[in-house]
Amino acid sequence: MSIVARSADTEPRFAPRRAIGRTGFIATRIGAGDLADASIPFEDCVSTLRRALDAGLNVVDTAPAYESGLSERIVGAAMRGRRRDEVFVIDKIDHLDQPVAPQLDGSLERLGLDAADLFVFHGVKHMDEWRALAMPGGGFDELAACVRAGKARFRGISSHHPDVLLAALRSGLCDAVMFPVGPFVDRRYLDDVLPLARTSGVGTISFKTFGAGMLVADTAGYGKPIAPGTAARSQARLSVTDCVRHTFTYDPDVALLGLSTPAEQDAAFAAAHGFAPLTPAELRALETRAASAIAGKGPTWWNPEA
């Protein structure tokens, strides 16, 4: 598991495990996803992220769209005083149809960094969006110029569509891809995208382990609690351990987990520390339970129709 115990407290401490594809960066199995919340004091958010970094996590994900740049500012503040080469910072290009360089410049200013390790085009949903980015003179060429200028080290996409991801992997343009892996995701992410990325040497960074919280809580997605008395509230939830075991069994290079509070961190860390792979029969049973747990809670936008 590449985890060693901390002497100062009861938290597990994570150690680098394997490279994120061909980037060469040796990453911890877990990464810290977006934890920006404008209703929480800024320094509290910074402290929460620092707590994850102090536990050894060395991958951090952010984007301009996360609370209008607040997430980037939190990441920048949490990084101060740390060796830059010890943390792999992922940022995103939100506007696919706008020039890339100004977007990177804005992100780097909010981060307070000279460069991010990986910039990905954010939420590439449709094949026409992908084709526009991949065409000569398109977004990937613009991002390549930013890499040459030292503003980024690697390129990729995040996507909620398996067909887009497969096209991106076959193009050879991506150093890493970000996509859903968890108990309730389109099978193509698990059966097609993940194996092709591995054989292509492309890094795999996953999200949606908890189904936007819908698998483990009474919610219709991020920040959308289900009203009392609705049928969905009576459904059996999965546990954090269930979800983490599923994602870890499929084994992306890095799993971005919800680590927005110390309590969430402790639950995820404990699940990771006690991880044992699921058998094929256990995976199928858990996925059946996940379908029941999530039914009726709202759209699962990360799962396009086949």
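Those helices (runs of 4 or more DSSP H) of the stretch 19-128 in which at least 2 residues are of a type in the set (Ser, Thr, Tyr) and out of contact with any Cys (no Cβ under 6 Å at 6 or more places or on another chain), considering only elements entirely within it, cover 42-54.
Going by the conditions given, is residue 80 of a type outside the set (Asp, Glu), surrounded by fewer than 18 Cβ atoms within 10 Å (Cβ to Cβ) and closer than 30 Å to residue 132 by Cβ? So residue 80 fails the test.
From the list 106, 112, which residue is modelled with pLDDT of 95 or more, at positive phi and surrounded by fewer than 21 Cβ atoms within 10 Å (Cβ to Cβ)?
On the way: 106 fails: at positive phi.
From the options 106, 112, the qualifying one is 112.
Yes/no matrix, rows are residues, columns are (1) of a type in the set (Lys, Arg); (2) more than 25 Å from residue 100 (Cα to Cα):
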site: 123; (1), (2): no, no
site: 145; (1), (2): no, no
site: 154; (1), (2): no, no
site: 162; (1), (2): no, no
site: 170; (1), (2): yes, no
site: 178; (1), (2): no, no
site: 184; (1), (2): no, yes
site: 212; (1), (2): no, yes
site: 220; (1), (2): no, yes
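Pairs meeting the criteria (first residue in the stretch 156-168 and farther than 19 Å from residue 144 by Cβ, second residue in a loop (DSSP other than H, G, I, E, B) and of a type in the set (S, T, N, Q), beta carbons under 8 Å, at least 6 apart or on different chains) are 160/303; 165/159.
So which residues in the stretch 214-240 are more than 13 Å from residue 295 (Cα to Cα) and either surrounded by 15 or more Cβ atoms within 10 Å (Cβ to Cβ) or modelled with pLDDT of 85 or more (or both)?
We begin by selecting, within the stretch 214-240, every residue more than 13 Å from residue 295 (Cα to Cα); these are 222-225, 227-229, 239-240.
Selection gives 239, 240.
In the set 173, 194, only one residue is at pLDDT 95 or above, surrounded by fewer than 24 Cβ atoms within 10 Å (Cβ to Cβ) and in a loop (DSSP other than H, G, I, E, B); that residue is 173.
I'd like the residue in the stretch 197-206 that is small (Gly, Ala, Ser) and more than 15 Å from the chain's Cα centre (by Cα) and, out of all such residues, is surrounded by the fewest Cβ atoms within 10 Å (Cβ to Cβ). Checking each candidate, the answer is 201.
For the stretch 271-290, a residue qualifies if it is small (Gly, Ala, Ser) and surrounded by 12 or more Cβ atoms within 10 Å (Cβ to Cβ), and the qualifying residues are 271, 272, 274, 285, 290. Filtered by the rule that a residue be closer than 30 Å to residue 112 by Cβ and of a type in the set (Asp, Glu), the stretch 145-197 gives a lone residue, 175.
For (1) out of contact with any strand residue (DSSP E or B) (no Cβ under 9 Å at 6 or more places or on another chain); (2) modelled with pLDDT under 95; (3) among the polar types (S, T, N, Q); (4) closer than 16 Å to residue 260 by Cβ, each residue gets a yes or a no:
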position: 58; (1), (2), (3), (4): no, no, yes, no
position: 62; (1), (2), (3), (4): no, no, yes, yes
position: 79; (1), (2), (3), (4): no, no, no, no
position: 98; (1), (2), (3), (4): yes, no, yes, no
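Across the stretch 241-262, the qualifying residues are those that are modelled with pLDDT under 95 and not in a loop (DSSP other than H, G, I, E, B), and the one among them that is nearest to the chain's Cα centre (by Cα) is 257.
Scanning the stretch 249-279 for residues that are under 27 Å from residue 164 (Cα atoms) and of a type outside the set (Gly, Ala, Ser) yields 249, 250, 251, 252, 253, 254, 256, 257. Taking the numbered list (1) within 21 Å of residue 243 (Cβ to Cβ); (2) surrounded by fewer than 20 Cβ atoms within 10 Å (Cβ to Cβ); (3) of a type outside the set (D, E, K, R) in turn, residue 211 passes all entries but (2).
The values are calculated or read from the model by the stated rules, or taken from the named source; none is laboratory data. Bear in mind the structure is a predicted one, so any value in this text is a computation, not a measurement. Reconstructed Cβ throughout: ideal geometry from the backbone, glycine too, with neighbour counts over all protein chains shown.
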